[in-house]
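**Student:** Sharing a structure here in C-alpha cells format.
The values are calculated or read from the model by the stated rules, or taken from the named source; none is laboratory data. These numbers come from a predicted model, not from an experiment. Ideal geometry is used to build each Cβ from the backbone, glycine not excepted, and the neighbour counts take in all protein chains shown. Surface areas here come from the heavy atoms of the whole protein model, side chains and all, with no ligands, DNA or RNA. Shrake-Rupley method; radii C 1.70, N 1.55, O 1.52, S 1.80 Å.
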Amino acid sequence: MTDDDRRPDPDALLASLPPARGRLKLFFGAAPGVGKTYAMLAEAQEKRAAGLDVVVGWVDTHGRAETEAMLSGLEQLPRLKREHRDCELDAFDLDAALARRPAILVVDELPHSNAPGCRHPKRWQDVEELLAAGIDVYSAMNVQHLDSLNDVVSRVTGVVVSETVPDHVFDQADEVRLVDLPPDDLLQRLAAGKVYLPEVAQRAAANFFRKGNLIALRELALRRLADRVDSQIRAQRAIQDHTPVSGSNFGLLLLIDDDGNEDAIRQCARLARALEAPWHAIWLDDGRQHDAVHDQVQAALKLAAEQGAVTLVQSGRDNARLLADYVRRHNLSLLALHRQSYPTRLLRTLKRQVPELHVLLLASPDRHTDRKPLRLGWPLRGWWQTVLLCLLVTVVALPLRGLLEPANQVMLYLLVVLWSAVRYGRAPAALAAVLAVGLFDFFLVPPYLTFAVSDVQYLITFAVMLVVGLVAGQLVASQRQSADMAQQREAHTRILFELSRDLGQALLEEQVGEATARYLHSGLGARIDLWRPVGEDDHLQPQQQSLPGTDSAIVRWCFDHGEAAGQGTTTLPNSPLLYLPLKAPMRTRGVLVLSLPQPAQLSDFATRRLCEAVAALAAQTLERLHYIDVAQQTLLNMEAERMRHSLLAALSHDLRTPLTALTGNTETLARKLQRAGSPFSDDVLLLQQQGQRIARLVTNLLEMAQLQVGSMTLKKEWLPVEELVGGAIAALGGALDGHILRTDIEPDCPLIHGDPVLLERLLVNLVENAAKYSRAGSEIRIRCAGENGCIVLRVADQGVGLPPGDIGWLFHAFSRGNRESSVSGVGLGLAICRTIADAHEARLEAENLPGGGACFTLTLPLLAQPSLDFPQEN
Amino acid sequence: MGIASTVLIVEDDVAIRRFVRAALEEEGLQVVEAGTMSRGLIEAATRQPDLIILDLGLPDGNGINLLKDLRGWASVPVIVLSARVGETDKIQALDAGADDYLTKPFSIGELQARVRAQLRRHASRNGAVQSSLERFGAVEVDLLNRTVTRNGAPLHLTKLEYRLLSTLIAHRGKVLTHRQLLNEVWGPAYIEHTHYLRIYMTHLRQKVEDNASQPRWLLTETGIGYRLAAE
C-alpha cells in the first residue's frame, strides 16, 4: 500500500468543514440622519432585483417616509415580543433569522442593546452568530458607537453614548460603506423634519446637532475609515511582497490602575492599532485592595480583552520583578502607565532591570466621571465590637489607675488594636488606634476626664501608639489577605491536582462525570451536570439527573459553537447557570453545566479559571476514553479479520487438495487408456473435463467468499495497462485459442492504481465471458485509453449480445443471461467483476454495440501519477 | 541426459503423490517420495536429487522451513506446490529460494513442462561451457560486450534496462519476485518501489517483444514477479 491511501480525501475534508463565514457590510455614518438606513435598503432592493434572497431582520424607520417607502416589497421577519417590567419590548428574532437562512439579512442599528432575556446582550453579537452561520449581513452604525472612540466623542460633543460596538467588529467587516452628508445639509434635513419628528428635532438641534459637533464627528468618521483603507492597502502590499505585515517585535503593556481607568484602556487600544502591535493589560494584585477594587479591575480587564488585549492578573510582592519578567517573556517594548501618583520607585527599579523598556505616561483627561464611589463593605459587627473592646479595656483599666504605670495600661490598648487588625482588617484597626489614644488620654492620663495633657512626654506615647496601631493593623490585614488568597489558590490547585489524578485512572465516561461533580462540589459547593452527545446526530443527553433550570437549547448552542454561555459570559448572561463546552483537541466532547450557590461567584476571575481548567481536564479524559474505545474496536476487527482469513485458507486447502488428486489421477488414467487404445478413454476424458469444471467453480466460489467476507484489503500498486492486459491474456491461455484477440492500448496511457491480482481477475472474467458468448473465429477487442480524467478499459465481442431490458441483474451473483443456456458457468464471474470494480471505486457497465455484440466498460479513476524519483540511469 | 535424473516429491497426500510420480516416470525420471518434512530433508540429503517438488502444507510444518534448511547446503532446483488463496506464501517461498511454483489444482502437462524447464536450466548452469551469448526469439544478448541486437540490428537499451534484462537472463526460467529484482537492479533502498520495476519492464518489452501486451519472453507472474521464458 502506498502513502496515497492513507492521505485523507480532500473532498471529504471539505465536506466536513463548517459553512463559509458570511460577509458583513457596514453602512457607516458620522451622525444620525445621514441616510444610512436609506442607503442600506436601497442596496437591499438592488440585490433583490438581481434575484438574491434578501430579508429584513430589523429596521427602525423612525417614521421617515422616504425610508419606509424603501421597505416595500422586502420580506420582513416578525419581531419578537418580550415582557420586561410590565412593558413590552420588541426584539430581533435571531433564531427565526437562522432558521430562515436568507442570502442577505438586513439588521439595522448594530450597537443596539437587546432586551433582557435575549441570547446575547448586544446586537453585534447576534450579527456575529449570523455571520458564523454563513449568512451575509447588512448593518449600520455611527462613528460615536465605536468603542475606542467612545471617550473622544463624549468629550467633543458632551453627550455620553452608552451603546458601543467593539472595534474588531468594524475592523473585520468585509466591506464598510461610508454614508456621508455635509453638516449644513444634515442640519437642513433636521430642520425639514426629515430626521426626527419636529419636537424631538428641536431638542436635538440644541444639544447634539450643533454644527461644531457635526464637523468634528464627520472628521472622526472620515479619519477612521481612512485608517481602515490604509491598513487594507498595507496588508495587500504585504501579501504581494510575501513579507509579514508586522515584522518588528513591538508590543505594548498597559499597567492597569486600581481604579481601572477605562480611558487609559481605550487610548492604549488606539495606540496599539496605530502601531499594529499586540498589546497586553496587566493588573498587579498586591493583596492590599478590597473587593470593590477587584470588581472595578475585573470590569476594566474585560473591556481590555474586548479591545483585543491579552489580560492578566499577577500577584506577588515584588511588582518590579513581576513586570520585568512579563515584559521579557512576551517581548514587549513599551510600558504605558496611567497613575494618579507617579510610581517613582517602581519605575526606577524597572529601569534598572529592563533598560530597553520605553515608558509612556498616558495623559488623564480632565473629565467628569460618573463612577460610583467605592462602597466599603465592612461588616458592621467589626466596627461596634472594636468600640466595645476599647470601652471594656477602659473599664478594666479605670480601677487600676493608681496601681499600674500608664505605659503598661497602653499595652492593653495595643492588644485591642492588634486584635481588631487580625479579626476585622485594616479600617477597624485604624479606628481602634484612634479610639485607644482618645480613651487613654481622657480617662487614664492626668488630668483625668479631659483631653488636656499635663506631662508632655505622654504625647510621645500617643504618637507611638497611633503609629504602632496603624502600621500593625495595615501589616496584619494585608498579611491576612495574602494568606486568604494563597489558601484559595492552594485549594484550587489541589482540586485540579486530585481531579487530574482521578481522571487519569478513569476507564468509564460515568467516572469522569462523577469525579468532576465530586471535586467541584467539595471545592466550590457547585452542582454540575455533564451533557454528552449520543448517537450519529450528536443528540445531547445529560449524564446524571438534569440540574433544575438547565436550558437544553443553551447546551446545544454551547456545544455547536464551542463557546461558554450563561452566567458571567456574553451569551445569555441572565441564565443562572454556567455552560462550558468540553473542548478537546479533536472535537467538542460535551457540555459542562455548573450551578453555584451564588451565581455571582461565577463572574469571579479565579473561580471561572478553575471551572475552565476542570472542563479542559474532563474533555481530555473523555477524548482519551473515546480513543481507547476506538483502539479496542480496531483490535477486535483485526482479530475477526484474521480468523476469517485463516478459515478461508483452511477451506481452500481442504477443497483443493482432493480436487488436485481427482483431476491429476483422472488425467493420468485418461493418458494411459489413450496410449493403450482403450475404448473407455473418451469416458475418462469426460470425467477429467467435469473435474476441471468443478475445480474452476471452486476457485470462483472461494474468490467470491474472499471478496465478500469481511473487508477486502487491496494491495494497490501502480500498473501499466499493457502488463495488466498481458497478464490476463496469459492467464486465459488456451481458452482464447478459437478467437482473434486484438489489443488497442493508447501509447501513453496513464498508470492504473489498483490491486494487480484482482484487476487481472476482473479482466480475465470479462474476456472469458466475451469468448464464452461469441462464436469461435470472431474478434474480441480490448481497448484502453485515458478519457475525461478517467482510465476507460473496454472489452468488446461480436457475439449474441446482452439480453434486452434491464441488465443490472447481470452483475448479481448466480445470475446468467439465459437461464437454460448450454454455456457452462454459474454466473459468478460478473459478480466478482462488480465487487472488484466497487473496491477500486471504478464503474463497470455493459451495453450492446450497434454492430452486434456486447461491450463491457470499466471506468477507473485517474489519479496523480507517481514520479520516478531515483537518480536516473546511475 | 545419460543417467536418469532423480526427483524428490515431498507431499503428504498419497493420491497426489501417486499421479505426480506417474507423470514424472512418464518423463523417464527416477522418483523418490517423502510424506513429511523431516523425511523430506533426510531424502534430500541422502539421495542428492536433481529436483525437488515441495508441497507447502506438510503435517509436521511449513514447507518454507524445509526450503530454508535446504538452501543452506544445496542449490538443487525446487518447484513449490501451493493450495492457498493469495500470493503471499508463493512470494515467501520464492524469496526463500524456490525456483518455480504451481497452484493446485494443476494439469499434468503443466507439471511436466515446469519440471523439464528446471532440469534443463540446472544442467546448463552446471555444464562446462557457459556461452556469453544469450538468445531468445529474435534478440541476442552479448553478455561479454554488453550489446543487444534484434534481428541482427543493434538495439539501444538504457543502463537500467540492460541491468534488468541481464538479471533476468542470469536466472532464466526462474521466477524472480519484485523484491529480488528491485534489490538486484535498483538496490535495497528501492525494494518497495514496484512501479519503477513495472514501468521499466514495460519499456523493455516495447523494445524486445513483438507485441508488448502479449509478451512471449518477458512473462508476468501476476502479483509475484517476472520470469524470462526458458524456451
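**Student:** Between A:Ile233 and A:His358, what is the FRET efficiency for a Förster distance of 35 Å, r being their Cβ-Cβ separation, to the nearest 0.05?
**Tutor:** On the way: r = 28 Å, r/R0 = 0.80.
Approximately 0.80, to the nearest 0.05.
**Student:** Based on the Cα coordinates of the range A:65-135, what is the per residue volume of their convex hull in Å³?
**Tutor:** 105 Å³
**Student:** Translational diffusion coefficient, Stokes-Einstein: compute it for the range A:593-695 using the Kirkwood radius over C-alpha pairs as Rh, at 4 °C and 1.567 mPa s, and state it as an integer in µm² s⁻¹.
**Tutor:** Calculated translational D: 63 µm²/s.
**Student:** Might you tell me the accessible area per residue for the range A:20-241, computed with a 1.4 Å probe and given in Å²?
**Tutor:** Spelled out: the 1.4 Å probe surface of the range A:20-241, per residue, equals 46 Å².
**Student:** I would also like to ask the following. Let me understand the range A:383-483 better: what is its radius of gyration from the alpha carbons, and its Dmax, in angstrom?
**Tutor:** 13.4, 44
**Student:** Counting each DSSP H run of 4 or more residues in chain B as -39500 (n - 2.57), what helix-only mean residue ellipticity at 222 nm follows after dividing by all residues, to the nearest 500 deg cm²/dmol? All intermediate terms of the calculation are to be shown ahead of the outcome.
**Tutor:** On the way: 8 runs with 95 residues, N = 231.
Helices in chain B give a 222 nm mean residue ellipticity of -12500 deg cm²/dmol.
**Student:** Which whole-Hz couplings ³J(HN,Hα) result when phi for each residue of the range A:719-724 is put into the Karplus expression 6.51 cos²θ - 1.76 cosθ + 1.60, θ = phi - 60°, listed in order with x for Gly and Pro?
**Tutor:** Result, rounded to whole Hz: 10, x, 4, 4, 5, 4.
**Student:** Given a Förster distance of 30 Å, report the FRET efficiency between A:Arg642 and A:Ala864 from their Cβ-Cβ distance, rounded to the nearest 0.05.
**Tutor:** After rounding, the FRET efficiency stands at 0.35.
**Student:** With a 1.4 Å probe on protein heavy atoms only, tell me which residues of the range B:169-210 lose at least 10 Å² of accessible surface in the complex relative to the chain by itself.
**Tutor:** B:Trp186, B:Tyr190, B:Thr194, B:His195, B:Tyr196, B:Arg198, B:Ile199, B:Tyr200, B:Thr202, B:Arg205, B:Gln206
**Student:** Hey, another quick one. Restricting things to Cα coordinates, could you compute the convex hull volume per residue of chain B in Å³?
**Tutor:** 140 Å³
**Student:** Using the Cβ atoms and a cut-off under 14 Å, what net charge is assigned to the surroundings of A:Lys211, where Lys and Arg are +1 and Asp and Glu are -1?
**Tutor:** 0
**Student:** Here is a further query. Take the protein assembly as shown, compute every pairwise Cα distance, and split them into 10 Å bins from 0; I just need the percent in each bin.
**Tutor:** Taking all Cα pairs of the protein assembly as shown, the binned fractions are 2, 7, 11, 13, 12, 10, 10, 10, 9, 7, 4, 3, 2, 1, 0, 0 percent.
**Student:** In Å, the Kirkwood hydrodynamic radius of the range B:114-225 over pairs of distinct alpha carbons?
**Tutor:** On the way: mean 1/r = 0.0670 Å⁻¹.
Taking every pair of different Cα atoms in the range B:114-225, averaging 1/r and inverting gives 14.9 Å.
**Student:** Another question about this same structure. Using all alpha carbons of the range A:664-736, what is the percent of pairwise distances in each 10 Å bin, ordered from the shortest bin to the longest?
**Tutor:** 16, 26, 30, 18, 9, 1
**Student:** A further question follows. Excluding A:Ala565 itself, calculate the net charge of residues whose Cβ lies under 11 Å from the Cβ of A:Ala565, where each Lys or Arg counts +1 and each Asp or Glu counts -1. Spell out each step's value before the answer.
**Tutor:** Working: positive: A:Arg119, A:Arg556; negative: A:Asp551, A:Asp560, A:Glu563.
Net charge around A:Ala565: -1.
**Student:** Something else: Whenever you get a sec, compute what percent of the accessible area on chain B sits on carbon and sulfur atoms (1.4 Å probe).
**Tutor:** Values: 4830 of 9830 Å².
So the carbon and sulfur contribution to the accessible surface is 49 percent.
**Student:** Okay, moving on. Roughly how big is the protein assembly as shown's charge dipole about its Cα centre, with Cβ charges of +1 (Lys, Arg) and -1 (Asp, Glu), in debye to the nearest 20?
**Tutor:** Using Cβ point charges on Lys, Arg, Asp and Glu, the protein assembly as shown gives about 1760 debye.
**Student:** What distance in nm separates the simple spin-label points at A:Val456 and A:Gln689, each placed 7 Å from Cα in the Cβ direction?
**Tutor:** 14.6 nm
**Student:** With axes computed from alpha carbons, what is the tilt in degrees of helix A:36-49 against the longest principal axis of chain A, rounded to the nearest 10 within 0 to 90?
**Tutor:** 10 degrees
**Student:** Can you list which of the trypsin sites (Lys or Arg not before Pro) found in the range A:576-673 are DSSP loop residues with at most 14 other C-beta atoms within 10 Å?
**Tutor:** On the way: sites: A:Lys583, A:Arg587, A:Arg589, A:Arg608, A:Arg609, A:Arg624, A:Arg642, A:Arg644, A:Arg656, A:Arg671, A:Lys672; in loops: A:Arg587.
Sites meeting the loop and neighbour criteria: A:Arg587.
**Student:** Rg and Dmax of the range A:754-795, Cα atoms, in Å?
**Tutor:** Over the range A:754-795's Cα set, Rg and Dmax evaluate to 12.2, 36 Å.
**Student:** Could you derive backbone 3J(HN,Hα) for the range A:667-678 from the dihedral phi with the Karplus parameters 6.51, -1.76 and 1.60 (θ = phi - 60°), listing whole Hz in sequence and x where the residue is Gly or Pro?
**Tutor:** Working through the residues one at a time gives 4, 4, 4, 4, 4, 4, 5, 4, 5, 7, x, 6 Hz.
**Student:** Work out the length of the dipole vector of the range A:59-164 about its Cα centre, built from +1 on the beta-carbon of each Lys and Arg and -1 on the beta-carbon of each Asp and Glu, and round it to the nearest 20 debye.
**Tutor:** 120 debye
**Student:** List the residues, sorted by chain then number, that are 5 or more residues from B:Leu102 or on another chain and whose placed amide H is less than 5 Å from its amide H.
**Tutor:** B:Val80, B:Leu81, B:Ser82
**Student:** Also, quick follow-up: List the chymotrypsin sites (Phe, Trp or Tyr not before Pro) within the range A:110-204 that DSSP assigns to loop and that have no more than 10 neighbouring Cβ atoms inside 10 Å.
**Tutor:** Those that pass, being in a loop and sparsely packed, number zero.
**Student:** Above 34 Å lies some portion of the pair distances; for the range A:20-241, what is it as a whole percent of all C-alpha pairs?
**Tutor:** I get 14 percent for the Cα pairs in the range A:20-241 exceeding 34 Å.
**Student:** Another question, if that's okay. Quick one: which bits of the range B:212-229 get at least 50 Å² less accessible when the partner protein chains are in, versus the chain alone, with a 1.4 Å probe?
**Tutor:** Residues meeting the cut-off: B:Ser213, B:Gln214, B:Thr222.
**Student:** Could you state how much accessible area A:Val698 has, in square angstrom rounded to the nearest 10, with a 1.4 Å probe and all protein chains kept in place?
**Tutor:** Near enough 20 Å² of accessible area.
**Student:** To the nearest Å, what is the center-to-center distance of the range A:505-546 and the range A:664-729, using C-alpha atoms only?
**Tutor:** The two parts, judged by their Cα centres, are 62 Å apart.
**Student:** Can you list residues whose amide H is under 5 Å from A:Gly801's amide H, if they're 5+ apart or on another chain and H is modeled 1.01 Å from N?
**Tutor:** Sorted by chain and number, the residues that satisfy this are A:Gly853, A:Ala854.
**Student:** If you roll a 1.4 Å probe over the range A:713-861 with all protein chains in place, what percent of the accessible area is carbon or sulfur?
**Tutor:** About 49 percent, which is the carbon plus sulfur part of the accessible surface.
**Student:** Same structure again: For the range A:612-732, what does the accessible surface come to per residue with a 1.4 Å probe? Please give it in Å².
**Tutor:** That works out to 55 Å² per residue.
**Student:** Please state, rounded to one decimal and in Å, the Kirkwood hydrodynamic radius that the range A:713-861 gives when every pair of distinct Cα atoms enters the mean of 1/r.
**Tutor:** 15.5 Å
**Student:** As a test of the definition: with a 1.4 Å probe, what buried accessible area, both sides summed, do you compute for A against B, in Å² to the nearest 100? Walk me through the intermediate numbers first.
**Tutor:** Working: alone 47010 and 11730 Å², together 54900 Å².
Summing both chains' loss of accessible area gives about 3800 Å².
**Student:** Once neighbouring chains are kept in place and the probe is 1.4 Å, which whole percent of the accessible area of the range A:383-483 is contributed by carbon and sulfur?
**Tutor:** Its accessible area is 78 percent carbon and sulfur atoms.
**Student:** Now for a separate question. Quick one: if you stick a label point 7 Å off each Cα along the C-beta vector at A:His561 and B:Arg120, how many nm between them?
**Tutor:** A separation of 8.3 nm, rounded to one decimal place.
**Student:** Which Cα, out of A:His280, A:Gly727, A:Leu741, lies furthest along the positive dipole direction of the protein assembly as shown (beta carbon charges, K/R +1, D/E -1)?
**Tutor:** A:His280
**Student:** State, as an integer percentage, the relative contact order of the range A:713-861 based on alpha-carbon contacts under 8 Å between residues 6 or more apart.
**Tutor:** The normalised contact order for the range A:713-861 reaches 24 percent.
**Student:** Report the gain in length on full extension from A:Asp629 to A:Leu322: 0.36 nm times residue separation, minus Cα-Cα distance, nm rounded to one decimal.
**Tutor:** On the way: separation 307, 0.36 × 307 = 110.52 nm, distance 4.56 nm.
So the extension gain works out to 106.0 nm.
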